[in-house]
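K.L.:
The structure's right below; bear with me while I get my questions together.
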Amino acid sequence: MGATGSKLEKALGDQFPEGERYFGLENFGNTCYCNSVLQIPWFDALYFCVPFREQLLDYYSNSKSIGDAEENLLTCLADLFTQISSQKKKTGVIAPKRFVQRLKKQNEIFRSYMHQDAHEFLNFLLNELVDILEKEAHAIKSDAESSSPSEKISNGPKTGQANGAQKEPLVTWVHKNFQGLLTNETRCLRCETVTARDETFLDLSLDIEQNSSITSCLKNFSSTETLNAEDKFFCDKCCSLQEAQKRMKIKKPPHILVIHLKRFKYIEQLGRYKKLLYRVVFPLELKLSNTMEDADSEYSLFAVVVHVGSGPNHGHYVSLVKSHNHWLFFDDENVEMIDESVVQTFFGSAQEYSSNTDHGYILFYESIGTGNKS
């Protein structure tokens, strides 16, 4: 990325953020699905947000000092970001070889040279990081509880949990950044009883329509659905199957809102998946309304994963990243500055058949007023 890197440095000039590094990632044949996600600061918890970058680097430093710490995706990711942050150059190319090798070792889906799905990779990575952090936290807690029996005796037995009480779930920094809460409300149309069930999410997958917007997609996500005929709801109060109305709402929005546009749809007549080239407008500033119990929440777009290609089984991934008020275009090894107006060229195609196959696929919004440094 020598020539491209120098172009980027010239383009930013005196505005190049102090201490920041913009590095492309080498593509090992078909790893653009991985590169496009890794280059995004949706890991405010990882690289482009300083407090969490330091947290990750501290994790890496501590795991190295332990010596016999088991290698996992988190240590490999921390190693990759350590390489970037320790570079003397401001721009360049890094080969994420160790991370990709570990990824393929842990999940056979990513071992082939077939075109992979960036959303599937994102889900796997986030959940894997959560599992690693939870296991390590439980191991530390177990060691602390069993390490000093004399201390336990002198201090007396610890008060146990109340009958029927459940332990609070462990909240990791991944949860703190990406986890939101949905509530699924079902209202029986006979007795009017409302049954609510909460569930957590790390990203929202939205159905899309032609010439629509993220706002309309979110409204459809939270629209009321009537359950009747074979889909009747079993009402505990009526003790029988009843017609009901069901609605999903965002009860607690996350700090970082990840939106996955469902561009790949299975068409029964074709017997295969097809890419939906639909034009879906995603604004730079997003207001969540009519989807949650509290007041509106405002978000700012800071990254987009773009799928390039006409079908689901082939193509390429690139990413758009907003860093320090500048928009950057990441395409594996190449990084360049773009104008903010270029973002709208990735909304999609207004016509079904179009030569434009570059479409926004995964969107990353950060809550405004909560320490946004992008």
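The values are calculated or read from the model by the stated rules, or taken from the named source; none is laboratory data. Note that this is a predicted model, so its numbers are computed, not measured. Here the Cβ positions follow ideal geometry from the backbone for every residue, glycine too, while neighbour counts run over all protein chains shown. The protein model used for the area step is the full one, side chains on, heavy atoms only, and it has no ligands, DNA or RNA in it. Shrake-Rupley method; radii C 1.70, N 1.55, O 1.52, S 1.80 Å.
K.L.:
Can you pull out the residues in segment 69-96 that are open to solvent by 40 Å² or more (accessible area, probe 1.4 Å), out of contact with any Leu (no Cβ under 9 Å at 6 or more places or on another chain) and touching a residue at least 40 places away in the same chain (Cβ under 8 Å)?
P.N.:
87, 89
K.L.:
Does residue 265 satisfy the criteria of being assigned to a strand (DSSP E or B), open to solvent by 70 Å² or more (accessible area, probe 1.4 Å), within 19 Å of residue 367 (Cβ to Cβ) and touching a strand residue (DSSP E or B) at 6+ places or on another chain (Cβ under 8 Å)?
P.N.:
Spelling it out, it is not the case that residue 265 is assigned to a strand (DSSP E or B), open to solvent by 70 Å² or more (accessible area, probe 1.4 Å), within 19 Å of residue 367 (Cβ to Cβ) and touching a strand residue (DSSP E or B) at 6+ places or on another chain (Cβ under 8 Å).
K.L.:
In addition: Looking at segment 209-236, I want the residues that are touching a residue at least 40 places away in the same chain (Cβ under 8 Å) and have a partner that is among the polar types (S, T, N, Q) with Cβ atoms under 7 Å, at least 6 apart or on another chain. Which pairs are those?
P.N.:
218/291; 219/290; 222/290; 222/291; 233/186; 233/242; 235/193; 235/242
K.L.:
Tally up the residues in segment 61-117 that are assigned to a loop (DSSP other than H, G, I, E, B), at pLDDT below 80 and not acidic (Asp, Glu), please.
P.N.:
Result for segment 61-117: 8.
K.L.:
So, residue 274, is that one in contact (Cβ under 8 Å) with a residue 24 or more places away in the chain, surrounded by fewer than 16 Cβ atoms within 10 Å (Cβ to Cβ) and outside any strand (DSSP E or B) or not?
P.N.:
In short, no.
K.L.:
Here is a follow-up. Is it the case that residue 312 is in a loop (DSSP other than H, G, I, E, B) and within 19 Å of residue 256 (Cα to Cα)?
P.N.:
Criteria not met by residue 312.
K.L.:
Let me ask another. Condition (residue is crowded, with 18+ Cβ neighbours inside 10 Å, closer than 14 Å to residue 263 by Cβ and modelled with pLDDT of 90 or more) applied to segment 330-346: is it met by at least one residue?
P.N.:
Within segment 330-346, one or more residues are crowded, with 18+ Cβ neighbours inside 10 Å, closer than 14 Å to residue 263 by Cβ and modelled with pLDDT of 90 or more.
K.L.:
Report whether or not residue 135 is within 22 Å of the chain's Cα centre (by Cα), charged (D, E, K, R) and open to solvent by 20 Å² or more (accessible area, probe 1.4 Å).
P.N.:
Taking the combined requirement at face value, the residue satisfies it.
K.L.:
Being within 23 Å of residue 264 (Cα to Cα) and surrounded by 20 or more Cβ atoms within 10 Å (Cβ to Cβ) is the filter here, so list the residues in segment 348-367 that pass it.
P.N.:
Result: 348, 359, 360, 361, 362, 363, 364, 365.
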